[in-house]
1. Within the set of pairs 6+ apart or on separate chains, which have a first residue in the range 80-103 that is within 10 Å of Ile262 (Cα to Cα), a second that is at pLDDT 85 or above and assigned to a helix (DSSP H, G or I), and C-beta atoms under 6 Å apart?
2. In the list Asn95, Asn153, which residue meets the criterion of being surrounded by fewer than 20 Cβ atoms within 10 Å (Cβ to Cβ), under 20 Å from Leu23 (Cα atoms) and out of contact with any strand residue (DSSP E or B) (no Cβ under 6 Å at 6 or more places or on another chain)?
3. For the range 37-82, which positions are assigned to a loop (DSSP other than H, G, I, E, B) and of a type outside the set (Lys, Arg)?
4. With respect to Lys55, determine if the residue is closer than 30 Å to Ala133 by Cβ and under 21 Å from the mean Cα position of the chain (by Cα).
5. Restricted to the range 226-263, and to residues that are among the polar types (S, T, N, Q) and more than 21 Å from Tyr126 (Cα to Cα), which residue is surrounded by the most Cβ atoms within 10 Å (Cβ to Cβ)?
6. Quickly run through the range 214-263 and pick out the residues that are more than 23 Å from Val142 (Cα to Cα) and either touching a helix residue (DSSP H, G or I) at 6+ places or on another chain (Cβ under 7 Å) or assigned to a helix (DSSP H, G or I) (or both).
7. Inside the range 181-225, can you point out the residues that are within 26 Å of Gly267 (Cα to Cα), out of contact with any strand residue (DSSP E or B) (no Cβ under 8 Å at 6 or more places or on another chain) and surrounded by fewer than 23 Cβ atoms within 10 Å (Cβ to Cβ)?
8. Which of (1) of a type in the set (D, E, K, R); (2) modelled with pLDDT of 95 or more; (3) within 30 Å of Lys140 (Cβ to Cβ); (4) surrounded by fewer than 14 Cβ atoms within 10 Å (Cβ to Cβ) is the odd one out, the single condition Lys120 does not satisfy?
Amino acid sequence: MKVKRSERLIDMTRYLLERPHTLVSLTYFANRYDSAKSSISEDLTIVKKTFKERKTGTLETVPGAAGGVRYIPEIAKEEAKEFVDEMCERLSEANRLLPGGYVYLSDLLGHPQILRQIGKIIASQYLHESIDAVMTVATKGVPIAQAVSSYLNVPFVIVRRDSKITEGSTVSINYVSGSSERVEKMELSKRSLKRGSRVLIVDDFMKGGGTVNGMKSLIEEFEAELVGVTVFAESTFSGDRMIADYTSLLCVDEVDIRDKTIYVKPGNYFKD
């Protein structure tokens, strides 16, 4: 049964938005809506134009018999900046200050809309990179990794600090915590990551960079390749940070435990 153009456009847009970075052939859409490829091509031109104008992302066209279209999510810099400014304001609330200069993030990282924005912002940074997996460490980095992986349409893997029988055989490494300088352990299931994978590391908060550096060492143990590192928030650090090349969305610049004041500014994501 043929489908009206208005219905096709709605369903086609939904289908593409739910399957980012996935190549969909014109033949598939033609069969799905019982329509001619020429009509499908015209529909996709409308969707592509709308995505571009609304800065929803890019609809890539792949020519050839095995070609089709692929939706690449993207966020406008203005929208990302507006979101980050809002997060700076919310993180500057005095009641978020925890012992040791940490900032309470759990309520924000449990909010679906906030996570979607974080995921889209981070994924947009790696539009033109080939990524096979997103890596984080349990537990607070998990929702961020899930959000990013959904926009990149790749699996996410969870590094743990303690053994879980459900993980099977694991690869473990010792690493030095950047803030406390203690030697700690982290491990990853051997089945989680294929050799030669291109991996993006994400995390919720970074101080000295020891945890991220530990994940970097694990990636090397798997003979995989590190594509990049992005954290939701970083804090200023007086010593030598163990990771030099990274991106942060927010920066906790000043913390006064006595006066219970926090100053949060945008991270280096917006620096050219």
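The values are calculated or read from the model by the stated rules, or taken from the named source; none is laboratory data. Being a predicted model, the structure only gives us computed values, none of them experimental. As a convention, Cβ positions derive from the backbone with ideal geometry for all residues, glycine included, and neighbour counts pool all protein chains shown.
1. Val103/Leu91; Val103/Arg96
2. Just a single option satisfies the conditions, and that option is Asn153.
3. Of everything in the range 37-82, those that are assigned to a loop (DSSP other than H, G, I, E, B) and of a type outside the set (Lys, Arg) turn out to be Thr56, Pro63, Gly64, Ala65, Ala66, Gly67, Glu74, Ile75, Ala76.
4. Criteria met by Lys55.
5. Initial filter on the range 226-263 (among the polar types (S, T, N, Q)): 230, 235-236, 238, 247-248, 261.
Within this subset, residues satisfying the condition of being more than 21 Å from Tyr126 (Cα to Cα) are 235-236, 238, 261.
On the way: Ser235: 21, Thr236: 13, Ser238: 6, Thr261: 12.
Looking at the filtered set, the residue picked out is Ser235.
6. Listed by number, the residues that qualify are Val255, Ile257, Lys260, Thr261, Ile262.
7. Result: Glu181, Gly208.
8. Single failed check for Lys120: (4).
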